[in-house]
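Structure, as structure tokens:
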Amino acid sequence: MPDFSDRGEVTRNAKFTTRTRLLAHRRRLGDAERAAAARQVQAGLVDLVRRLRPRRMTAYLPIGTEPGGADLPTALHAALPEGAELLLPVLRADLDLDWAPWTGPGDLAVAGRGMREPTAPPLGRAAVATADLVVLPALAVDRQGVRLGRGGGSYDRALARVPATTLTVVPLHDGELVNALPAEPHDRPVHAVVTPTDGLRTLDGAAPR
């Protein structure tokens, strides 16, 4: 249920201000710094995939200043065990997320909001609940696992379908793991982050049960 209280309005304003600051910081990153960060983040995620050996995982195709690089799905798919499946999000008209198998960089179509999506038939919104590992974007995450997205609520809805025992991981730039973020009741915490300098870091306040 939407929060129409003064407190809810204060939280939403705080989120807007924080998003604006974080996006401005990402835009100031130079091309060389972004490329180096992408390589380091990819290496951390690939190492995680090789250790966990998930049979199905979800990820996304980074766009613009998002960490991980445009070839992140290629790197993750190559690290999966034979026969395992990588799902990427498909944005629905209601801003919820469906999921479709990634079958290669040539099988992507231009979609809304600057995204590119798999051309394979989507498997349904509940497909994310069957993943052994969920990699998802954010602008920042705090040490309790609260993530700050772009405000559409797509991943909050997707995370609500993910079992509490499934590892959820967010790639970040350095400086985007912070002490605290404004949060609302619908915000879903994540379990870990990967940053260029520190690699994989599990968040004590949101460890999977």
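The values are calculated or read from the model by the stated rules, or taken from the named source; none is laboratory data. All figures in this text were calculated on a predicted structure; none of them were measured in a lab. Methodologically, a virtual Cβ is constructed for each residue, glycine included, from the backbone with ideal geometry; neighbour enumeration extends over all protein chains shown.
Values for this structure:
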| item | result |
| --- | --- |
| Residue count, the range 142-168 (criterion: out of contact with any helix residue (DSSP H, G or I) (no Cβ under 9 Å at 6 or more places or on another chain) and of a type in the set (A, V, I, L, M)) | 2 |
| Those residues of the range 187-203 which are surrounded by fewer than 19 Cβ atoms within 10 Å (Cβ to Cβ) and touching a residue at least 60 places away in the same chain (Cβ under 8 Å), in sequence order | THR197, GLY199, LEU200 |
| Among (1) closer than 22 Å to ALA37 by Cα; (2) of a type in the set (Lys, Arg); (3) at pLDDT 95 or above, the one test that ARG125 misses | (1) |
| Where ALA127 falls short, out of the listed (1) touching a Ser or Thr at 6+ places or on another chain (Cβ under 9 Å); (2) outside any helix (DSSP H, G or I); (3) within 24 Å of ARG55 (Cα to Cα) | (2) |
| Unique residue being within 22 Å of GLY149 (Cα to Cα) and either of a type in the set (Lys, Arg) or modelled with pLDDT of 90 or more (or both) when the list is ARG92, ARG39 | ARG92 |
| Candidate set: the range 65-80, residues that are touching a Pro at 6+ places or on another chain (Cβ under 8 Å) and part of a loop (DSSP other than H, G, I, E, B); chosen: the one surrounded by the most Cβ atoms within 10 Å (Cβ to Cβ) | GLY68 |
| Tally, over the range 160-186, of residues that are of a type outside the set (Val, Ile, Thr) and either buried (at least 20 other Cβ atoms within 10 Å of the Cβ) or closer than 20 Å to VAL41 by Cβ (or both) | 9 |
| Residue that is modelled with the highest pLDDT [pool: residues in the range 1-36 that are farther than 25 Å from LEU72 by Cα and of a type in the set (Asp, Glu)] | GLU9 |
| Among residues of the range 47-64, those that are among the β-branched types (Val, Ile, Thr), surrounded by 20 or more Cβ atoms within 10 Å (Cβ to Cβ) and closer than 14 Å to GLU117 by Cα, counted | 1 |
| Options GLY83, GLY106; residue that is on the phi > 0 side of the Ramachandran plot and not in a helix (DSSP H, G or I) | GLY83 |
| Which listed residue is in a helix (DSSP H, G or I), on the phi < 0 side of the Ramachandran plot and acidic (Asp, Glu), from ASP98, ASP94, ASP47 | ASP47 |
| Filtered residue count, the range 109-123, keeping only those that are more than 15 Å from TYR155 (Cα to Cα) and either part of a loop (DSSP other than H, G, I, E, B) or of a type in the set (Phe, Trp, Tyr) (or both) | 6 |
